Amino acid sequence: MKRVAVLGGGIGGTEAARALRKEGLEVVLISNRDYLWTYPISIWIPTGEITPEKVKISLHDFAKAWGIELIVDEVVEIKASENKVVLKNRGEFTDFDYLVVALGQTKKPEKGLKYTLSICGSPEEAVEIRKRLQELISKGSGKIAFGFGGNPKDKTAVRGGPVFEVLFNVDYYLNKLGVRQNFELTFFAPMPKPGERLGEKALKMLDELFQKYGIKKITGKKIKEFTPNGVIFEDDSFLEADLILYTPAGWGHPVVRNSDLPTNEAGFIKIEDTCQVQGFDNVYAIGDCAAIESPLWTAKQGHLAEFMGHIAAHDIALKEGLKSGTPKSYKEHINILCLMDMGWRGGGLAYRSDKRAMLIPIPVLGHIMKKAWGLYFKLYKLGKIPKVI
Ligand SMILES: Cc1cc2nc3c(=O)[nH]c(=O)nc-3n(C[C@H](O)[C@H](O)[C@H](O)COP(=O)(O)OP(=O)(O)OC[C@H]3O[C@@H](n4cnc5c(N)ncnc54)[C@H](O)[C@@H]3O)c2cc1C
């Protein structure tokens with residue numbers, strides 16, 4: 001039986017591993033953490049609605065459920081042309097026939113980023129946001145700035161949704177505590193119409209929500225740098241903030257940069273429609289670490305990462321003669337689908353494809369649906385229920 005090494009036990013890597021097992025291949029999953037971090041539900045950590053432990057899914061349990069070998073180690077280098085991966089503790093690793101790279105992405109460097117925190121960073125960073133928010137609440141008042149950045153070198157690597165989710169959840173939380181009037185919440189972004197990729201209706205709805213909840217907005221101004229107490233924009237105007245929650249654009253993973261894989265200008269791996277890395281027959285890249293060729297409104301997303309895992313597994317199974325058929329393309333599944341959460345007020349179901357852009361408000365139930373999704377995700381990852389969508 002041919003052996004596939006999957007690098008990265010995140011949303012895409014675990015799905016590729018599951019799909020490969022279902023195709024009848026042997027899988028070794030190599031990840032630096034022994035858990036899968038369910039990013040979409042981590043948005044509730046800052047307000048304490050969920051604990052970090054509930055956001056984790058044990059990769060030991062995952063590996064046991066799917067008959068996968070798990071290696072918890074850090075990948076430091078990929079030498080694809082030598083069929084080699086270098087691990088921090090184990091050193092060189094060559095025991096594989098195929099490689100699936102699913103290492104995710106990192107933050108685009110920006111001046112003063114160390115003064116900001118992001119919900120899209122490490123699990124420790126999400127916990128730190130909670131701590132800093134609690135400190136401000138104990139102090140009695142504060143100014144909080146929420147923003148995200150753009151990436152001119154790869155427009156798919158922009159993550160705005162979770163920033164809006166944390167903003168609306170924090171607003172709701174402060175209201176619930178009866179202290180909202182003591183806090184100034186400001187949203188900022190360099191693009192003139194942040195959220196635009198979800199369509200004009202969504203933009204209008206976001207504006208209405210900002211007005212309704214008294215959230216200030218600074219958009220269309222490039223960010224010069226972050227300081228310990230605020231944001232300096234290109235025109236030297238200054239947004240004072242006690243806490244800056246900023247999600248920079250995505251950027252190629254350092255390990256990918258330290259590899260012989262072909263990348264685009266932002267450091268994402270160039271792939272074929274089948275997710276095979278360009279020029280490497282036995283190497284695939286899926287999820288956030290891959291360069292997505294797509295319409296301008298596309299964003300890197302979890303459900304696309306999962307779909308890419310299936311496309312790659314299908315292709316490897318075809319190459320190994322484990323099934324008949326034709327190669328599939330990840331491009332068949334390019335859309336934006338997310339449930340944008342706003343706390344117990346509800347949420348909005350956002351959908352964008354070439355044909356349609358919509359944001360449907362779902363009061364209260366939207367929040368419950370996102371919670372139910374978190375449970376569904378955990379159960380299908382652990383093989384306890386089938387995956388239906
Ligand atoms: C806060 C937030 C909310 C989101 N909400 C949604 C949503 O509602 N819907 C949606 O579709 N998408 C959502 N996304 C996007 C989605 O989470 C990502 O697109 C998805 O996680 C990408 O999957 P991935 O496997 O490519 O990367 P990741 O899930 O980031 O996984 C990468 C894995 O690689 C491991 N790794 C990294 N470096 C190394 C190394 N050197 N050695 C070994 N292992 C390593 C990491 O530990 C991690 O397990 C959200 C993202 C965030 C941050």
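On C-alpha positions alone, give me the angle between the axis of helix 302-319 and the longest principal axis of the chain, in degrees, nearest 10.
Relative to the chain, helix 302-319 is tipped by roughly 10 degrees.
Please state, to two decimals, what the Cα-based radius of gyration of the stretch 144-299 comes to when divided by 2.2 N^0.38 Å (N = residues).
Output field value: 1.22.
Quick one: which residues, 5+ away or cross-chain, put their amide H under 5 Å from the amide H of T247? H built at 1.01 Å from N.
Here the answer is G147, F148, G149, since their amide H atoms fall under 5 Å of that of T247.
Once ligands and nucleic acids are excluded and a 1.4 Å probe is used, how much of H60 is accessible, expressed in Å² to the nearest 10?
100
Just flag the GluC sites (Glu not before Pro) in the stretch 280-389 sitting in loop per DSSP whose Cβ has no more than 16 other Cβ atoms within 10 Å.
When the GluC sites (Glu not before Pro) of the stretch 280-389 are filtered for loop state and at most 16 Cβ neighbours within 10 Å, E293, E320 remain.
Mean residue ellipticity at 222 nm from the helices of the chain, using -39,500 (n - 2.57) per DSSP H segment of n ≥ 4 over the full residue count, to the nearest 500 deg cm²/dmol?
-9000 deg cm²/dmol
Lysines near K131 by alpha-carbon distance under 21 Å, same-chain residues fewer than 8 away left out - which ones?
Hits, sequence-local ones excluded: K54, K56, K114, K139, K143, K176.
Hey, any idea what % of the stretch 107-249's accessible area is carbon plus sulfur with a 1.4 Å probe?
Of the solvent-accessible surface of the stretch 107-249, carbon and sulfur hold 52 percent.
Once neighbouring chains are kept in place and the probe is 1.4 Å, which whole percent of the accessible area of the stretch 297-385 is contributed by carbon and sulfur?
The computed percentage sits at 62.
Quick check: from the Cα gyration tensor, does the chain come out rounded (a/c under 1.5), prolate or oblate?
Here the chain falls in the prolate category.
Whole-Hz Karplus ³J(HN,Hα) for the stretch 376-387, in order, using 6.51 cos²θ - 1.76 cosθ + 1.60 and θ = phi - 60°, x for Gly and Pro?
Along the stretch 376-387, the couplings run 4, 4, 4, 5, 6, 4, 8, x, 8, 9, x, 8 Hz.
Between the stretch 10-26 and the stretch 246-322, what is the C-alpha centre distance in whole Å?
About 15 Å separates the Cα centre of the stretch 10-26 from the one of the stretch 246-322.
Each residue of the stretch 194-205 in order: what ³J(HN,Hα) in whole Hz does its phi give by Karplus 6.51 cos²θ - 1.76 cosθ + 1.60, θ = phi - 60°, with x for Gly and Pro?
Residue by residue, the stretch 194-205 yields x, x, 4, 5, 8, x, 4, 4, 5, 4, 4, 5 Hz.
What does the charge count near I286 come to, summing +1 for each Lys or Arg and -1 for each Asp or Glu among other residues with Cβ under 10 Å from its Cβ?
In short, -3.
Amide H of K224 versus every other amide H placed in the peptide plane: which residues, excluding those fewer than 5 positions away on the same chain, fall under 5 Å?
Here I232, F233, E234 satisfy the definition.
Enumerate the calculated ³J(HN,Hα) couplings along the stretch 42-54 in order (Karplus 6.51 cos²θ - 1.76 cosθ + 1.60, θ = phi - 60°), each rounded to whole Hz, writing x wherever the residue is Gly or Pro.
6, 4, 8, 5, x, 9, x, 6, 9, 9, x, 4, 6
I need the trypsin sites (Lys or Arg not before Pro) found in the stretch 51-143, filtered to DSSP loop residues with at most 12 other beta carbons within 10 Å of theirs.
Taking the stretch 51-143 and a limit of 12 other Cβ atoms within 10 Å, the loop trypsin sites (Lys or Arg not before Pro) found are K88, R90, K111.
Going from most exposed to least, what order do R21, R180 have by accessible area with a 1.4 Å probe?
So the residues, ranked largest to smallest area, are R21, R180.
What is the helix-to-structure angle for 123-139, meaning the angle in degrees between its Cα long axis and the longest Cα principal axis of the chain, kept from 0 to 90 and rounded to the nearest 10?
Value to nearest ten degrees: 10.
Please report the accessible area of F93 (heavy atoms, 1.4 Å probe, ligands and nucleic acids excluded) in Å², nearest 10.
Counting only protein heavy atoms, the figure is 20 Å².
What is the sum of charges, Lys and Arg at +1 and Asp and Glu at -1, for the other residues whose Cβ falls under 10 Å from the Cβ of K378?
+3
Quick one: angle between helix 161-177 and the longest Cα principal axis of the chain, in degrees between 0 and 90, rounded to 10, please.
40
For the chain, what is the accessible area per residue in Å² when the probe is 1.4 Å?
Per residue, the chain has 43 Å² of solvent-accessible surface.
Can you tell me which of 145-153, 184-192, 218-226 comes out highest on packing, and rank the rest after it, using the mean Cβ neighbours within 10 Å?
Highest-to-lowest ranking by the protection proxy: 145-153, 184-192, 218-226.
The values are calculated or read from the model by the stated rules, or taken from the named source; none is laboratory data. Predicted, not measured: the structure shown is a model, and the values here were computed from it. Quick reminder, even Gly has a Cβ in these numbers, built from the backbone with ideal geometry, and neighbours come from all protein chains shown. Heavy atoms of the whole protein, side chains included, go into the accessibility calculation; ligands, DNA and RNA do not. Shrake-Rupley method; radii C 1.70, N 1.55, O 1.52, S 1.80 Å.
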